[in-house]
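The values are calculated or read from the model by the stated rules, or taken from the named source; none is laboratory data. Only a predicted model underlies this, so the values are computations on that prediction, with no experimental measurement involved. Note that each Cβ is placed from the backbone with ideal geometry, even for glycine, and that neighbours are counted across all protein chains shown.
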Amino acid sequence: MGETDLHLDALNDLLTQRHSCRAFCSDPVPREQIEQIVTSATRVPSWCNAQPWQLTITSGTETDHFREALQRETQQASPNPDQPFPTRYSGVYQDRRRACGWALYKAVGVEKGDRTASAQQMMKNYTLFGAPHCAILSSPAELGPYGAMDCGGFVTAFALAAQALDVASIPQAAVAAYGPFLHRYFDIPDDRIVLCAISFGYPNKDHPANSFRTGRAALDDIVDWRE
Ligand SMILES: Cc1cc2nc3c(=O)[nH]c(=O)nc-3n(C[C@H](O)[C@H](O)[C@H](O)COP(=O)(O)O)c2cc1C
């Protein structure tokens, strides 16, 4: 096997092992490892090398205070994300969205149609799934969707670098739903758009919420080959 194959195998291992973690252990990730993860993630490309990402990263009691304040906020404020959420998922996008939702509900024992239980599971977003750390990711408003696109690459690289250190993670748009609160709580300037949170830490591997994996569309469903 050539060196190139080994590189791809190593990358595919990380890509396959990574999944969105929805139950964490409380043990903190050492600061040095968090710095390694962020440093690795900064290697992604960005338009004009603007590197639009800015992060606020919580640890220890800062995470716990944020978790509590966030849960309080969801009780008293309506969702109001800086960046509009998708208006609808239709066709295959709706199918894929349902499939991953049902896989989660099946794993945690939520019956189809049980709206109370599915809402309770959704609200676990605001406990940060018990993660010891949360990163809030923002991009300059003036860079628009391309700034957000650059940050998407950053999120993926962050998750892969974390996985390389056996640190699990989950990007959370659900947290970004409370935009004004996040700006206030973390002093994020109004000329920045909060895109998502990334909760991270060591995974609770025995938790049912971590027991399923999502599928992916076939190559021919996503590529229009012109040869
Ligand atoms: C930008 C973004 C936002 C997401 N927001 C949430 C979220 O708020 N809550 C959640 O449980 N999962 C969230 N996810 C995780 C997706 O549901 C997950 O990536 C998808 O189902 C594929 O599963 P996998 O990450 O385990 O491969 C988000 C993922 C991305 C990329």
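If you scan the stretch 78-121, which residues turn out to be farther than 25 Å from Pro145 by Cα, more than 21 Å from the chain's Cα centre (by Cα) and of a type in the set (A, V, I, L, M, F, W, C)? Val110, Ala117 - these are the residues of the stretch 78-121 that are farther than 25 Å from Pro145 by Cα, more than 21 Å from the chain's Cα centre (by Cα) and of a type in the set (A, V, I, L, M, F, W, C). Filtered by the rule that a residue be loosely packed, with under 14 Cβ neighbours inside 10 Å and in contact (Cβ under 8 Å) with a residue 12 or more places away in the chain, the stretch 191-227 gives Asp191, Arg213, Thr214, Gly215, Ala217, Asp221. Checking each residue in the stretch 193-210 for being over 16 Å from Phe154 (Cα atoms) and in contact with a helix residue (DSSP H, G or I) (Cβ under 9 Å, 6 or more places away or on another chain) picks out Gly201, Pro203, Asn204, His207, Pro208, Ala209, Asn210. Restricting the stretch 173-189 to residues that are touching a residue at least 24 places away in the same chain (Cβ under 8 Å), over 15 Å from Thr58 (Cα atoms) and out of contact with any Asp or Glu (no Cβ under 9 Å at 6 or more places or on another chain) leaves a set whose member that is surrounded by the fewest Cβ atoms within 10 Å (Cβ to Cβ) is Ala173.
For Gly147, the requirement of being surrounded by fewer than 18 Cβ atoms within 10 Å (Cβ to Cβ) and not β-branched (Val, Ile, Thr) is not met. Contact annotation: residue pairs with Cβ atoms under 8 Å, 6 or more positions apart or on different chains, pairing a residue in the stretch 56-68 that is farther than 11 Å from Tyr185 by Cβ and modelled with pLDDT of 95 or more with a partner that is charged (D, E, K, R) and exposed (fewer than 12 other Cβ atoms within 10 Å of the Cβ), are Ser59/Arg31. Among helices (runs of 4 or more DSSP H) entirely within the stretch 1-117, having at least 3 residues that are among the hydrophobic types (A, V, I, L, M, F, W, C), more than 14 Å from the ligand (Cβ to nearest atom) and within 22 Å of Ile198 (Cβ to Cβ) singles out 31-41. Figure legend. Inter-residue proximity from the stretch 144-169: first residues more than 12 Å from Gln36 (Cβ to Cβ), second residues within 11 Å of the ligand (Cβ to nearest atom) and assigned to a helix (DSSP H, G or I), beta-carbon distance below 6 Å, spacing 6+ or different chains. Indicated pairs: Gln163/Gln17; Ser169/Ala159. Answer yes or no as to whether Thr58 is of a type in the set (Ser, Thr, Tyr), surrounded by 11 or more Cβ atoms within 10 Å (Cβ to Cβ) and within 23 Å of Cys134 (Cβ to Cβ). For Thr58, the condition - of a type in the set (Ser, Thr, Tyr), surrounded by 11 or more Cβ atoms within 10 Å (Cβ to Cβ) and within 23 Å of Cys134 (Cβ to Cβ) - is met. Applying the criterion of at least 2 residues that are more than 12 Å from the ligand (Cβ to nearest atom) and out of contact with any Gly (no Cβ under 7 Å at 6 or more places or on another chain) to the strands (runs of 3 or more DSSP E) found wholly in the stretch 121-227 leaves 133-140, 192-201.
Tallying residues that are among the aromatic types (Phe, Trp, Tyr) and either within 15 Å of the chain's Cα centre (by Cα) or closer than 28 Å to Met122 by Cβ (or both) within the stretch 1-59 yields 2.
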